[in-house]
Amino acid sequence: MATWIAHMRVAAHFMEKYGHLNNEKFLVGNIGPDCGVPNEDWTAFTPDTATTHWKTSEDTIDAEDFKRRYLRQADDRHPFYLGYYFHLLTDIEWSKLYQRKKTEPLYKSGLERNKRFIWTIKKDWYGQDHLFLQNHPDFVFFTVFSKIEAFPNDYFDFYPQDAFIRQIKYITNFYLIAREDPGRDFPYLSKDEMDAFVQDTIKTIEGIYEPPVYNAACP
């Protein structure tokens, strides 16, 4: 699954482009599917990822089924659900990236030696997040996300009531308590690869998303 800052970078594009999405509901929706409670080693979640990520099989996310169920009505909850939908679309694109990367010798040999090698790989994934934040102090993570104090679950019965604010606090602490060395090597994911992923995903979602049409007020 894509990193949290990758999701927020996608969200930030749409927040800047569309005024009706420039709010914390849409932003939190973009990390919504990652609000399950992890076990001790983060290998399983409650509810499980099949539920939170709308999976029809181990590797298949049915984002369009989510869209049919939750994006038919433009009510107060719509921005959150739209963000949730964008998260699913972004994870689909990340899965494609990961499948490509797994064919590279560096990934392939490491994963064949040790299934937990993924955690070595993820140091680069999240390292790129830390570098991005260090270079963008005005990013929505700082200006909006980290300032959220309350976010009740008014959206899904499979999450506990405090699921979203708990994860907001966890993600905020995760990125604020550590810094990344900009001079180290990133053999498993370069800055250019992360930037390209974000831009390509934005283009993909732009090709799918149909923003509402507002009628101009009559003079």
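Note on the range 15-24: residues that are under 19 Å from residue 3 (Cα atoms) and surrounded by fewer than 19 Cβ atoms within 10 Å (Cβ to Cβ) total 1.
A quick yes/no check of all residues on (1) surrounded by 11 or more Cβ atoms within 10 Å (Cβ to Cβ); (2) in contact with a helix residue (DSSP H, G or I) (Cβ under 6 Å, 6 or more places away or on another chain); (3) within 20 Å of residue 14 (Cα to Cα):
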residue: 136; (1), (2), (3): yes, no, yes
residue: 169; (1), (2), (3): yes, no, no
residue: 202; (1), (2), (3): yes, yes, yes
residue: 208; (1), (2), (3): yes, no, yes
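Search the range 95-116 for residues being in contact (Cβ under 8 Å) with a residue 24 or more places away in the chain and not aromatic (Phe, Trp, Tyr), and hand back the single one that is nearest to residue 43 (Cα to Cα).
Step one: list which residues in the range 95-116 are in contact (Cβ under 8 Å) with a residue 24 or more places away in the chain, which gives 95, 97, 101, 106-107.
Within this subset, residues satisfying the condition of being not aromatic (Phe, Trp, Tyr) are 95, 97, 101, 106.
Details: 95: 17, 97: 21, 101: 21, 106: 23 Å.
Result: 95.
Return the residues of the range 117-150 that are without any contact (Cβ under 8 Å) to a residue 24 or more places away in the chain and in a helix (DSSP H, G or I); say none if nothing qualifies.
If the condition is that a residue be without any contact (Cβ under 8 Å) to a residue 24 or more places away in the chain and in a helix (DSSP H, G or I), then 117, 118, 119, 122, 135, 142, 143, 147 are the ones that fit.
Residues of the range 74-101 that are under 15 Å from the mean Cα position of the chain (by Cα) and hydrophobic (A, V, I, L, M, F, W, C): 80, 82, 86, 88, 89, 92, 94, 97.
Count of the range 26-59 residues, restricted to those that are assigned to a helix (DSSP H, G or I) and crowded, with 19+ Cβ neighbours inside 10 Å, is 8. Within the range 60-98, if we keep just the residues that are aliphatic (A, V, I, L, M) and modelled with pLDDT of 95 or more, the residue that is surrounded by the fewest Cβ atoms within 10 Å (Cβ to Cβ) turns out to be 71. Condition test on residue 106, is it of a type in the set (A, V, I, L, M), surrounded by 15 or more Cβ atoms within 10 Å (Cβ to Cβ) and in a helix (DSSP H, G or I)? So residue 106 does not fit the description; no. Could you please let me know if residue 140 is of a type outside the set (Ser, Thr, Tyr) and exposed (fewer than 12 other Cβ atoms within 10 Å of the Cβ)? Considered against the rule, which asks whether it is of a type outside the set (Ser, Thr, Tyr) and exposed (fewer than 12 other Cβ atoms within 10 Å of the Cβ), residue 140 comes out as no.
The values are calculated or read from the model by the stated rules, or taken from the named source; none is laboratory data. Everything numeric here is computed off the predicted structure, so don't read it as measured data. Positions of Cβ are backbone-derived with ideal geometry, glycine not excepted, and every protein chain shown enters the neighbour counts.
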